[in-house]
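Step one of this worksheet: look at the structure below.
Every number in this text was worked out from the coordinates using simple rules, so none of it is lab data. Predicted model, so just to flag it, every value in this text is computed and none were measured. Using ideal geometry, Cβ is built from the backbone for each residue, glycine included, and neighbour counts are taken over all protein chains shown.
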Amino acid sequence: RASPDWPARLELGVAERALPGEWRSGDRAVLAAYEGGALVAAIDGLGHGDEAADAADVAARVLAEHPDEEAERLLDSCHRALARTRGAVMTLAWFDLVGESLSWTGVGNVEGRLVHAAAGPHAPTHGALTKGGVVGYNMPSIRVTGTDLEDGDVMVLATDGIDSGFARAIGEGGSAQEIADRILAAHGKPSDDALVVVVRYRPAE
């Protein structure tokens, strides 16, 4: 799933499922490395089924081809590419491994949460600033926010097939994949496609 040159410092976990009864999910993860960093994105094509999956595929291709593009330009490219599809919502996160920082933004209701390891398991999480809209139909002006990264920090992106109470499951420990699986099992909704992407920032070797 991740590109072959995926950075060892970014431990990945992905858990997903389609709406029961559907063959394809409209939710899609993008994991694309570039020089000095990586883009992690969660995309939710509107609705479910083939048309939602087609829209998610279009957006995923654009992001994977230009992972280090400036945020507004990259989302504009997605907006143009999605114009003849159902459209999609998405949250994008860039890990800067040189500057040890995270920057992120989003359009629509894909939620992003970050837990700083040093703050302890019960500390409040930080959230991505997303704007209402649909990429492909009505693009808002976006705002990129950021934070410094510390060893052990965990970031989670979750589509709206995951209920909003998932954040409390992040601090319960385990590998990135175990966290993703736990969130999907405990917080996945039976009425929609669901996707959880977890990234843990690991110490440099």
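A straight chain from residue 22 to residue 83 at 0.36 nm per residue would run longer than the Cα-Cα distance by 19.5 nm. Here the chain is scanned for trypsin sites (Lys or Arg not before Pro) in DSSP loops (not H, G, I, E, B) that have at most 11 other Cβ atoms within 10 Å, and the longest stretch holding none of them is 85-205. Counting 0.36 nm for each residue step from residue 172 to residue 8 and taking away their Cα separation leaves a gain of 56.8 nm.
When the chain is treated as a Gaussian network with alpha carbon springs shorter than 10 Å, the biggest mean-square fluctuation among 174, 108, 49 belongs to 174. About its Cα centre, the dipole of the range 18-61 is roughly 120 debye, where the only charges are +1 on Lys and Arg Cβ and -1 on Asp and Glu Cβ. Qualifying GluC sites (Glu not before Pro) in the range 26-77, where qualification requires a DSSP coil assignment and no more than 13 other C-beta atoms within 10 Å, comprise 35, 70.
Taking the chain as a Gaussian network of alpha-carbon nodes connected by springs under 10 Å, the highest mean-square fluctuation of the residues 159, 147, 85 belongs to 147. With distances taken between every two different alpha-carbon atoms, the range 96-174 has a Kirkwood hydrodynamic radius of 13.7 Å. Taking every alpha-carbon pair under 8 Å whose residues sit at least 6 apart, the chain reaches a relative contact order of 26 percent. Kirkwood analysis of the Cα pair distances in the range 20-100 returns a hydrodynamic radius of 12.9 Å.
Relative contact order, whole percent, for the range 90-166 stands at 36, derived from Cα pairs under 8 Å and 6 or more residues apart. Rounded, prolate or oblate, given the Cα gyration tensor of the chain, with a/c below 1.5 counting as rounded? Here the chain falls in the oblate category.
A run of the chain free of exposed loop cleavage sites, with chymotrypsin sites (Phe, Trp or Tyr not before Pro) counted only in DSSP states other than H, G, I, E and B and at most 14 other beta carbons within 10 Å, reaches its longest extent at 24-136.
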